[in-house]
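The values are calculated or read from the model by the stated rules, or taken from the named source; none is laboratory data. Every value quoted in this text rests on a predicted model; they were computed, and no experiment measured them. Cβ placement follows ideal geometry from the backbone for every residue including glycine, while neighbour counts extend to all protein chains displayed. Note: accessible area is taken over every heavy atom of the protein model, side chains too, but ligands, DNA and RNA are not part of it. Shrake-Rupley method; radii C 1.70, N 1.55, O 1.52, S 1.80 Å.
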Amino acid sequence: MRRRLLRRLSMLFGWALGIVGCRTLAAPEYGMPHADFDLDGKVMRAGTTTGIPGIEVSFAGATAIADASGDWAISVDGVFTCASDCQLTARDLDGDANGSYEDKSVEFSATQVTDGSGTWYDGEWEAHDINVEMEPTEGSSN
């Protein structure tokens, strides 16, 4: 009997919370704010201006591999908009071919160069000369 009473009380309590919770939820909106980005920069050994080739740089699912001078460029369309809180990552994927380096995340600010449509499209954004300074891993021959 006690178990049945507790079960009914918890069902009633859950039902009441469900009603209150449903009334406080905001209606979902369709669409997603998005923008196009053009980025470029250089991957360098920390504390120097020496470029590191073969490093993968990625932003919003798009990737680029740094060339022989450490330079890279990414163009990506239709990604979440960011302005001052953008972030990219750099990873050393080729092992010890160019030395071994720790993965690095870099925050950067982008500048809007073309206005959006006034709805979900926020236009075109750019960020240039994003320098990624990577630290050698312990025990590497860098």
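Assess whether D77 counts as being in contact (Cβ under 8 Å) with a residue 12 or more places away in the chain and not small (G, A, S). So D77 passes the test. Only one entry in T89, T63, T81, T49 is within 22 Å of the chain's Cα centre (by Cα), assigned to a loop (DSSP other than H, G, I, E, B) and either modelled with pLDDT of 90 or more or of a type in the set (S, T, Y) (or both), namely T81. For the stretch 68-101, taking the residues that are open to solvent by less than 70 Å² (accessible area, probe 1.4 Å) and among the acidic types (D, E), the one that is nearest to E124 (Cα to Cα) is identified as D71.
For the subset of the stretch 93-119 comprising residues that are part of a strand (DSSP E or B) and charged (D, E, K, R), which member is farthest from L39 (Cα to Cα)?
Per the criteria, the residue is K104.
Among residues belonging to the stretch 120-139 that are assigned to a strand (DSSP E or B) and of a type in the set (D, E), point out the one that is least open to solvent (accessible area, probe 1.4 Å). If we take residues in the stretch 120-139 being assigned to a strand (DSSP E or B) and of a type in the set (D, E), then D122 is least open to solvent (accessible area, probe 1.4 Å). Would you confirm, using the coordinates I've provided, whether G118 is at pLDDT below 85 and closer than 22 Å to P136 by Cβ? Taking the combined requirement at face value, the residue does not satisfy it. Restricting attention to the stretch 90-139, the residues being of a type in the set (G, A, S) and under 15 Å from G41 (Cβ atoms) number 5.
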